[in-house]
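A.B. asks: The following block contains the structure, expressed as structure tokens.
Every read-out reported here was derived from the displayed coordinates using simple, explicitly stated rules and does not represent laboratory data. Being a predicted model, the structure only gives us computed values, none of them experimental. Heads up, the Cβs are rebuilt from the backbone with ideal geometry, glycines too, and the neighbour counts pull from every protein chain shown.
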Amino acid sequence: MNLRFAYAVALLSVMVQPVPAQQYPSQPVRIVVPFSAGSNTDAQARIIADKLTQLWKQQVIVENRPGIAGTASVAKSAADGYTLMLTSSGHPVANVISPTAPFDPVKDFAGVTQVSVVSASFMVPPDLPANNLREFIALARQSPGKLNFASAGTASTSYLAGEVFKQVAKLDLVHIPYKGAPEAMNSILRNDAQIYFASTTFSPDLITSKKVKVLAVSSAKRAPRLPDVPTAVEAGLAEYVYDSWFGVMAPAGTPPAILNKVSADIASVLRLPDVTKAVDNQGLLVATQSPAEFDKLIRSEAERYGKILRAAGVGGN
């Protein structure tokens, strides 16, 4: 009887062993997108899901679950590699922006890979009496508390880019959060706000038609779509660099071998010419990292931007 029991226990232990990385995936995989359908995040997830489906011979399904609830659902999912999330650079400070969020954006997740990066453009109304970044800073210092900066919402990367700018340049600008990028953009067109840190994906047509002026871009290097626009560093603000990103994460505890496989496979997908072109058409640059590198970035941004947001009184923490 004891021998039979021991055999049964041994058999059960074999049956519940996780699928080795070389056999992963052996069932469909979900990519949760905590943003609405049609967003940049959603578009990238669908491109990647289509190619991974072909590569893995398993269905990869994109599930839109906008907001904190979507991210929380991933944090609570099994750490087996079958639930992934494609999110943006606001993730590391989600619990500062929403203190009641039922997850820790660092401890409850494992980085898989960055997918792409995009810089912000310092967009101002065409009749604003500032034609470069130095002139804007001088104008803002002459009128503390009089100039408005628009954002697509307190949880947005446009807000983070603006708040970093305020603190680095030591400016008193009034933040006006709007419900999304289109409304924030319209505030510049109406001159209700005097600066908006818009994704460079929005900028070219507006610049060509002279509906806006772009004084600088936030990235370390010039934006491919705006090659004639200087970086903030080139424009005289030596300490300012801000890149927003999109990346893939998994629940904490996902086996490293699976994280490394998914990371490598996504990187191989992003190198495909048609995928690179599709990402570029969104005004984004493909950028990949190992899980360890991505985790390091998330931790450092959680600390850096968490301090900036708390100093601005966000979250009450």
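A.B. asks: List residues of segment 103-120, by number, whose backbone nitrogen lies under 19 Å from a label position 7 Å along Cα→C-beta of residue 264.
C.D. replies: The answer is 111-115, whose backbone nitrogens lie closer than 19 Å to the label point.
A.B. asks: With contacts defined as alpha carbon pairs under 8 Å and 6 or more residues apart, what's the relative contact order of segment 119-217 in percent? Working shown, then result.
C.D. replies: Details: 180 pairs, mean separation 45.1, N = 99.
Reported relative contact order: 46 percent.
A.B. asks: Hey, can you grab everything whose amide H is under 5 Å from the amide H of residue 147? Only 5+ residues off in sequence or another chain; H modelled, so Pro and N-termini drop out.
C.D. replies: 174
A.B. asks: With the cut-off at 24 Å, tell me which of the pairs 146/221; 107/221; 146/211 have Cα atoms farther apart than that. Write down the numbers at each step before the final one.
C.D. replies: Working: 146/221 31 Å; 107/221 31 Å; 146/211 22 Å.
From 146/221; 107/221; 146/211, over 24 Å: 146/221; 107/221.
A.B. asks: Another one. What is the spin-label model distance, in nm, from residue 142 to residue 127 if the labels are put 7 Å beyond Cα along the C-beta direction?
C.D. replies: A separation of 1.7 nm, rounded to one decimal place.
A.B. asks: Mind checking which of 75, 169, 31 is farthest towards the positive end of the chain's charge dipole, using Cβ charges of +1 (Lys, Arg) and -1 (Asp, Glu) about the Cα centre?
C.D. replies: 75
A.B. asks: Multiply the residue separation of residue 172 and residue 209 by 0.36 nm, subtract the distance between their alpha-carbon atoms, and state the gained length in nm to one decimal. Walk me through the numbers before you get to the answer.
C.D. replies: On the way: separation 37, 0.36 × 37 = 13.32 nm, distance 3.02 nm.
Full extension of this stretch gives 10.3 nm more.
A.B. asks: Between 215, 145, 101, whose Cα lies farthest towards the positive end of the dipole of the chain when Lys and Arg beta carbons carry +1 and Asp and Glu beta carbons carry -1, centred on the Cα centre?
C.D. replies: Going by the charge dipole, the pick is 101.
A.B. asks: Which three numbers, in whole Å and largest first, are the semi-axes of the equivalent ellipsoid of segment 119-217 derived from its Cα gyration tensor as √(5λ)? Intermediate values should be presented prior to the final figure.
C.D. replies: Details: eigenvalues 62, 50, 28 Å².
Whole-Å semi-axes of the equivalent ellipsoid: 18, 16, 12.
A.B. asks: While we're looking at this one, here's another question. As a test of understanding, state the convex hull volume per residue of segment 138-186 from its alpha carbons, in Å³. If you can, show how the numbers build up before the last one.
C.D. replies: Working: hull volume 3.2 nm³, N = 49.
So the per-residue hull volume is 65 Å³.
A.B. asks: Can you give me the relative contact order of the chain as a percent, contacts being Cα pairs under 8 Å and 6 or more apart? Please report the intermediate quantities before stating the final value.
C.D. replies: Values: 595 pairs, mean separation 79.6, N = 317.
About 25 percent, as a whole number.
A.B. asks: Okay, moving on. Suppose R0 equals 30 Å. What FRET efficiency, 1/(1 + (r/R0)^6) with r the Cβ-Cβ distance, do residue 78 and residue 57 give to the nearest 0.05? Please report the intermediate quantities before stating the final value.
C.D. replies: On the way: r = 22 Å, r/R0 = 0.72.
With R0 = 30 Å, the Cβ-Cβ based efficiency is 0.90.
A.B. asks: Please report, in debye to the nearest 20, how large the charge dipole of the chain is about its Cα centre when each Lys and Arg carries +1 at its beta carbon and each Asp and Glu carries -1 there. Intermediate results must be reported in sequence, preceding the final value.
C.D. replies: Working: 29 positive and 24 negative charges, 22 e Å.
The dipole of the chain has a size of about 100 debye.
A.B. asks: Same structure again: For segment 119-217, what is the charge dipole size about the Cα centre, in debye to the nearest 20, if Lys and Arg each add +1 at the Cβ and Asp and Glu each add -1 at the Cβ?
C.D. replies: Working: 10 positive and 7 negative charges, 32 e Å.
In total the dipole reaches around 160 debye.
A.B. asks: Continuing with this model, one more query. In what order do 175, 91 fall by count of nearby beta-carbon atoms within 10 Å, going from fewest to most? Mind showing how you got there, number by number?
C.D. replies: Details: 175 16, 91 22.
Lowest count first: 175, 91.
A.B. asks: Once every Cα of segment 176-285 carries one equal point scatterer and solvent is ignored, give the base-10 log of I(q)/I(0) from the Debye formula at q = 0.15, 0.16, 0.18, 0.24 Å⁻¹, two decimals.
C.D. replies: Here log10 of I(q) over I(0) equals -0.84, -0.91, -1.02, -1.32.
A.B. asks: Next up: What is the gain in length, in nm to one decimal, between residue 304 and residue 252 on full extension, counting 0.36 nm per residue of separation less the C-alpha to C-alpha distance?
C.D. replies: Working: separation 52, 0.36 × 52 = 18.72 nm, distance 2.16 nm.
Stretched out fully, the residue 304 to residue 252 stretch lengthens by 16.6 nm.
A.B. asks: Which whole-number value in Å³ per residue fits the convex hull of the alpha carbons of the chain? If you can, show how the numbers build up before the last one.
C.D. replies: Details: hull volume 42.7 nm³, N = 317.
Once divided by residue count, the hull of the chain is 135 Å³.
A.B. asks: A follow-up question, please. Let me have the 222 nm mean residue ellipticity of the chain computed from DSSP H runs of 4+ only, each contributing -39500 (n - 2.57), with the sum over all residues rounded to the nearest 500.
C.D. replies: Details: 11 runs with 126 residues, N = 317.
About -12000 deg cm²/dmol.
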